[in-house]
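Here the structure is laid out as structure tokens; the discussion comes afterwards.
Read-outs throughout are calculated quantities, based only on the coordinates presented, and are distinct from any laboratory measurement. Since the structure is predicted, the reported quantities are computational estimates derived from the model, not experimental observations. Glycine gets a Cβ as well: all are built from the backbone with ideal geometry, and neighbour counts include every protein chain shown.
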């Protein structure tokens, strides 16, 4: 489920390098799937809930697979604190699917558009990589296998959360013209973590909203309920750290993230560490598998002016 996948990915970034940003979905998107895959032992909506959650899980897996064929714009706003009204840094990236993941093309930084020559070079490099992906060789097979292993890891994490939480149905609410089912989530006191990573499952509480008509995850929000340490106690995430993701139907039957917010505070070694980011996703466009995506890139390149200095 996105809830726990987001935390897990944030922690990896905190430990790996404070200068690197969070992954964009969080690839994840699995966060939702993890949550709703849990047994709703405290759910007051009746026996139909198991079927509901099963549909949500299936939809989340489908969404992740579909995302591998969609490009989108990602606007990242970094703030010094969660209460800052204006971002200290803003970057817009174009996320382009390449079969083995996504290529990130810088569109602008702090409102300044990337130079035309740089855009062309980025597209030419993207074209070269797509050509490489379409070749059949050991390196390509390993690249696809690595991507599949990462997907399996996310799905395994989802499966590992089946017993980690208790759900309570909190009612319904409207979002525009859609009815959302709201569930609060709390750690299951009977759950026993099976690894250092799954200890995280006992430290968070939250709420999920499920679109009643489509059984799609519409929103998830979570808070770290108590401080917890990572990396042999060399880093810590503080109580009160918060994250949220909203999802909308971006094409008929296709739901994907449109907004994410992270407000995490903690320390690494003895130094304070903070992540305060708001990320907006827009302009989803289905490019298809690498062969189809390659043709789109070539058409786009043909419409660009030649780079300066080239004849």
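Structure notes:
- Estimated distance in nm for a label pair at residue 268 and residue 291, the labels positioned 7 Å out from Cα along Cα-to-Cβ: 4.3
- Fewest-first sequence of 123, 301 by Cβ atoms within 10 Å of each Cβ: 301, 123
- Restricting the calculation to Cα atoms, segment 179-311 shows an Rg/Rh of 1.14 when the hydrodynamic-style radius is the Kirkwood one.
- Taking other Cβ atoms within 10 Å as a rough exposure proxy, 242, 276 sort from fewest to most as 242, 276.
- Here residue 229 and residue 141 are evaluated by their C-beta separation; at R0 = 35 Å the FRET efficiency comes out at 0.35.
- Panel order for 201, 155, by other beta carbons found within 10 Å of each beta carbon, from fewest to most: 155, 201.
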